[in-house]
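The next block holds one structure in the form of structure tokens; read it before the comments.
The values are calculated or read from the model by the stated rules, or taken from the named source; none is laboratory data. Note that the structure is a prediction, hence the values are computed from the model and not measured. Please note: Cβ atoms are built from the backbone with ideal geometry, for glycine as well, and neighbour counts cover all protein chains shown. Ligands, DNA and RNA are excluded from the accessible area calculation, which covers all protein heavy atoms including side chains. Shrake-Rupley method; radii C 1.70, N 1.55, O 1.52, S 1.80 Å.
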Amino acid sequence: MLGTCRVAGIGVCLILLSLAGCNGSLETAPATQPVPPPAAEIPVANLPVDLREWNWTNRLGIGSCAHASFVYHLRWQNQLELAERWRATHSGGESATSMQRAVRAEGLPFNATTTADPAFLDWASRTRRGAIIWFFKDHAVHFCGWAKVDGIEYAILCDNNRIERYLRVERTEFLRRWKQYDGFALSTTFSPVPPTLFPAFESV
């Protein structure tokens, strides 16, 4: 190493010494640990409580549950300005026909079912989009996806009359009741939906 220093000059010598270290061997950097895959999020359309929308009434005192559920839906799909505009310009009750008409009038991309098709909700859960659905008597909620808890599969719902906690209904019971409530569901198809959260790095 000193012989190299005399020939190449002190600047090169210092660089070589800084690379080699005192004993002339390169230090090996510690191996990086692989980042674990993200844990499954439950539910898949998991909007923070502060962004979930309460039901509201129009000037006639009629509830706006379908619109409150749709505002949840739009916020989850990162359509925040659209959600605020929808909240300000829509209210009152809706049928499956009128709700689709309102969404279509805004030019929004969407899919819907009126036949209680389980495959529709499977798709809405698999793609993490969620859906607004008719559930309970004369009421709409947001379907936030399927989830297995202790080996049992549940529908996870956000009811706009009680947004603090998700509701869960066992899949078979849910599908039976959903059909009784006319089996309507609607999901916009904006892309991409928010990614699942996971640690960007791991300390070792």
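Here are a few things to note about the model shown:
- Test: residue in segment 135-143 that is more than 20 Å from ARG162 (Cβ to Cβ) and assigned to a loop (DSSP other than H, G, I, E, B): no
- The residues of segment 168-197 that are without any contact (Cβ under 8 Å) to a residue 60 or more places away in the chain and more than 19 Å from GLU153 (Cβ to Cβ), listed by number, are GLN180, TYR181, SER191, PRO192, PRO195.
- Any hit, segment 8-26, residues being of a type in the set (Val, Ile, Thr) and at pLDDT 95 or above: no
- Segment 37-76 - residue that is part of a helix (DSSP H, G or I) and of a type in the set (Val, Ile, Thr) and, of those, least open to solvent (accessible area, probe 1.4 Å): VAL71
- Hey, THR114 β-branched (Val, Ile, Thr), modelled with pLDDT of 95 or more and within 25 Å of the chain's Cα centre (by Cα) or not: yes
- Of all residues in segment 80-115 being of a type in the set (S, T, N, Q) and open to solvent by less than 50 Å² (accessible area, probe 1.4 Å), the one that is nearest to ASN58 (Cα to Cα): SER98
- Residues (of a type in the set (Asp, Glu) and part of a strand (DSSP E or B)) located in segment 144-171: GLU153, GLU170
- Hey, TRP134 open to solvent by 10 Å² or more (accessible area, probe 1.4 Å) and within 19 Å of the chain's Cα centre (by Cα) or not: no
- Selected residue [within 19 Å of the chain's Cα centre (by Cα), open to solvent by less than 50 Å² (accessible area, probe 1.4 Å) and not aromatic (Phe, Trp, Tyr)] from LEU167, LEU175: LEU167
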